[in-house]
Amino acid sequence: MGILDEIKLRKTFGIISHPDAGKTTLTEKLLLFGGAIQVAGAVKSNKIKRGATSDFMDIERQRGISVATSVMAFNYRGKKINILDTPGHKDFAEDTYRTLTAVDSAIVVIDVAKGVEEQTENLVGVCKRRNTPMIVFINKMDREGKDGFDLLDEVESKLDMSVCPLSWPVGMGQRFKGVYSLYENKLILFSAHGKQNEEDTLVIEDLSDPILEEKVGQELADTLREEVKMIKEIYPAFDQEMYEAGLLNPVFFGSAINNFGVKELLDCFVDIAPNPLPRETEERVVNPDEKKFTGFVFKIHANMDPKHRDRIAFLRITSGIFERNTNYMHVRQQKKMKFSSPTAFMAEKKSIIDEAFPGDIVGLYDSGNFKIGDALTEGETLNFKGIPSFSPEQFRYVNNANPMKSKQLQKGIDQLMDEGVAQLFTKEESARKIIGTVGALQFDVIQYRLEHEYGASCSYEPINIYKALWLSWEDDAAFAAFRKRRRSNMAVDKEGNPVFLAESKWSLNTVIESHPEVKFHDSSEY
Ligand code: G4P
């Protein structure tokens, strides 16, 4: 099979949701469909439990286990589907943001009772920056929740999506009878506990067919007819191009735990989800069907075993064929590297592979050479775009607690930052180092890992920072004047880019207003 055929087989996507909406359950059901796992619970047991934040080691341990589920590949209807796992835990949101740079589409899970929640908004926002095509799955229809139209309104307003329902619920909670697929003109009747039979699916070409009453009763039949009519009037019809451009979002309803509406979602996904897409670099656009291999690292996972310092770098193949034991160029370090045991992930199994194709994710054993965003090529210099840093939410000064170990501390901090555990800023005024993280948990993780993996120790000191903002400007002299005047707020990130550390939302607004010569950005790529 040629590379073009291989590309056409692949669909690489991520499932995103606010914790508890049902991402893990849905992932598991999808894997069951693909035969990639045999029993329910296989993914669930790897889930990072919520509410365990007091014991970060436990979370890190679970995270270690969850390497196995970082990528889950399965075959369905002849397609090779890669699900990239995104940690739902808020403290690992950065990880999730970066993983989303490696997907070609996403499924957004929303809890019918809770509607659009904070983490859903953040993650969808990240996908929207890259125009990632997204399908919405409204979950837990077996429970009482919000009215379907109200939910669609909420999705449109809070997530800034243009929706097109491809399935519609018949009743809800106790009265949940099933869903009507507008995509396939089928009524799928609900029976709890995931035992859908052939006869539970009825093809209904015309909704006025009295079989509808027979199956769901007069009242729900009338409501469905009315609502489907409204849907057709209000919402745009599905349009492949619009969906692929990230401008139209199909919506499905179902209940993951009952394995209901999941097959319809998956069947539609397989039909419409994009194959591996081109990727932008600073130099040019990389197309998947190019002959030469290229790829980028989007995630680095430390081995939790302190005896082995090695890490796994996750590489997304963007073009050509990646081959084992072949020399490739590590672009940032301008050096050649080859990999004797690149790993592919097949749900519960890991295996060494000889080759991988665009859309695939390969795990590379790494002893500290990689950092997030690094490119591998056959020699060409490429810098992949779309892997920005976002402003952390928590900041602390980091001090060396053992002056005899300053080298170790430096190395440890450098490597942990390369892994993307947190971000490091250096204040311009004092040269003091500040660590920024998404969640407080990360500070404990860093302290622990510095001690156990690098033999260094650090202490933290509070600092009052609300946000870190990256800056752009046109007039160098005007920017230099700004930088001098606001010296006490200025820092540089790890790449040496100037960053403004705002103390509060209010003070930031004042600075933005009084300095129109400088543009403030909430991510390192703008
Ligand atoms: P997450 O990965 O998005 O955090 O969510 P997860 O799948 O773990 O689901 C969160 C909770 O919601 C779980 O219950 C799960 O069983 C439940 N759930 C998922 N899908 C449905 C659904 O369609 N209907 C209903 N009623 N519940 C659903 P839990 O009690 O927290 O965990 P567990 O004891 O079931 O493992």
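Values computed for the structure shown
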read-out: Residue that is nearest to Val179 (Cα to Cα), among those in segment 212-260 that are in a loop (DSSP other than H, G, I, E, B) and either among the β-branched types (Val, Ile, Thr) or touching a strand residue (DSSP E or B) at 6+ places or on another chain (Cβ under 6 Å) (or both); value: Gly254
read-out: Only one of Arg10, Arg77, Arg63 that is more than 13 Å from the ligand (Cβ to nearest atom), modelled with pLDDT of 90 or more and crowded, with 19+ Cβ neighbours inside 10 Å; value: Arg10
read-out: Residue that is touching a Gly at 6+ places or on another chain (Cβ under 6 Å), hydrophobic (A, V, I, L, M, F, W, C) and assigned by TED's automatic domain parsing to the domain that holds Trp168, where the choices are Val126, Val136, Val116, Val109; value: Val109
read-out: Among residues of segment 14-28, those that are near the ligand (Cβ under 6 Å from one of its atoms), outside any helix (DSSP H, G or I) and under 20 Å from Tyr97 (Cβ atoms), counted; value: 4
read-out: Matching residues, segment 272-292, being among the charged types (D, E, K, R), in contact with a Lys or Arg (Cβ under 9 Å, 6 or more places away or on another chain) and outside any strand (DSSP E or B); value: Glu282
read-out: Failed item, numbered, when Asp142 is tested on (1) more than 15 Å from the ligand (Cβ to nearest atom); (2) touching a residue at least 40 places away in the same chain (Cβ under 8 Å); value: (1)
read-out: Top-ranked residue in segment 442-462 [being within 30 Å of the chain's Cα centre (by Cα) and of a type in the set (A, V, I, L, M, F, W, C); ranked as surrounded by the most Cβ atoms within 10 Å (Cβ to Cβ)]; value: Leu450
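The values are calculated or read from the model by the stated rules, or taken from the named source; none is laboratory data. Keep in mind it's a predicted model, so treat the numbers as computed, not measured. Cβ sites come from the backbone with ideal geometry, for glycine too, and all protein chains shown count toward neighbours.
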